[in-house]
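Here the structure comes first, spelled out in structure tokens, and everything after it is commentary.
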Amino acid sequence: MSKFVHSLQPTWSHDRPYYDGLYVGIDGLDGSGRSTLALSLKNWLQSEGYPTVVVTPFPNTRTHQFITQVKHDRRLGTKSRHLLYASLFSITTQHTILPHLSAGYVVLSDRSWISLYARAVAQGLDSAWVRTTLGFALVPDMVIEPQADPVSAARRELSASDALDPLESLPNRHNFDGFVEFQAQIRDILQELKKQENWHLVNLQPDSTLELDRIVHQIISQLERSDAPS
């Protein structure tokens, strides 16, 4: 059974133990390939007969579109933006993550609380306060990080879009340099969290097949261990 991020426990209407499935966080740098990895793992696990779903911090596509529109509003400060993200993630946790875990699914979280925490702290918010705002979240049973350095992540991000998101960059920097420096800060924050979590680093270059096979079998092994009678 997973534990909570903070001592503040949510009031979900789920009895202990909370779930029979497996909660997997897909976390890492922006542009590292998290979403691609999550989709690949989902397809592989489903082909092996394990019900699997991919979730993001946002409850649905319409909400994601809304966030895309409003997140650059200058009236929305860093703290308010984080609270908005945390609020939406709490909805996703209650209405999507926990019900699927209770039904025995493997839930692949394309950004768990870890990514929200790392970004908020890198943007200058107090780490203890950020943990408190994410106190409702479940700590993943295991975390998978696609291996990437800040420069390669920036290049990958640029290959997928016309420009880098200024919210994923340090202010008052050239766009590319600011993105790289901001991702370097996130990398350092993640490095500290690795000491506390069941963390797996995945190298998807140059051939991802062997790495995906390895990590899928680790997920299955963890799932079967959690199903074993105590």
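By how many nm would the segment from ASN175 to ILE91 lengthen if fully extended, with 0.36 nm per residue of separation less the alpha-carbon distance? Numbers along the way, then the final one.
Details: separation 84, 0.36 × 84 = 30.24 nm, distance 3.26 nm.
Once the chain is fully extended between ASN175 and ILE91, it gains 27.0 nm.
Students often check this: by mean Cβ neighbours within 10 Å, which of 53-60, 200-207 ranks highest, and how do the rest follow? Show your work: numbers first, answer last.
Values: 53-60: 19.0, 200-207: 12.9.
Highest mean packing first, the order is 53-60, 200-207.
Between ASN60 and SER35, how many nm apart are label points set 7 Å from Cα along the C-beta direction?
1.9 nm
Using only Cα atoms and rounding to the nearest 10 degrees, what angle (0 to 90) does helix 61-70 make with the longest principal axis of the chain?
Here the helix axis deviates by roughly 20 degrees.
Where does the chain land at 222 nm, in deg cm²/dmol rounded to the nearest 500, when only DSSP H runs of n ≥ 4 count, each adding -39500 (n - 2.57), divided by all residues?
That calculation yields -15000 deg cm²/dmol at 222 nm.
So if I restrict to the alpha-carbon atoms in the chain, what is the Rg, and what is Dmax, the biggest pairwise distance, in Å?
Answer for the chain, Rg first and Dmax second: 17.3, 55 Å.
Pairs of Cα atoms under 8 Å, at least six residues apart: use those to get the relative contact order of the chain, whole percent.
31 percent.
Could you compute Rg(Cα) / (2.2 N^0.38 Å) for region 103-230, with N its residue count?
Against the empirical 2.2 N^0.38 Å value, I get 1.20 for region 103-230.
Given 0.36 nm per residue, what is the gain on full extension from ALA128 to THR209 after removing their alpha carbon distance, in nm? It would help to have the intermediate numbers written out before the result.
Working: separation 81, 0.36 × 81 = 29.16 nm, distance 3.90 nm.
Here the segment from ALA128 to THR209 would lengthen by 25.3 nm.
Once you charge only the Cβ atoms, +1 for Lys and Arg and -1 for Asp and Glu, what is the size of the charge dipole of the chain about its Cα centre, to the nearest 20 debye? Provide the component values of the computation, followed by the final result.
Numbers: 21 positive and 25 negative charges, 146 e Å.
Using Cβ point charges on Lys, Arg, Asp and Glu, the chain gives about 700 debye.
So if each residue of separation counts as 0.36 nm, and I subtract the Cα-Cα distance between THR68 and ILE189, what length gain in nm does that give?
41.1 nm
Values quoted throughout were computed directly from the atomic coordinates according to the rules given, and no laboratory measurement underlies them. Just so we're clear, the structure is a prediction, and the values are computed from it rather than from any experiment. Cβ: placed from backbone, ideal geometry, glycine included. Neighbour counts: every protein chain shown.
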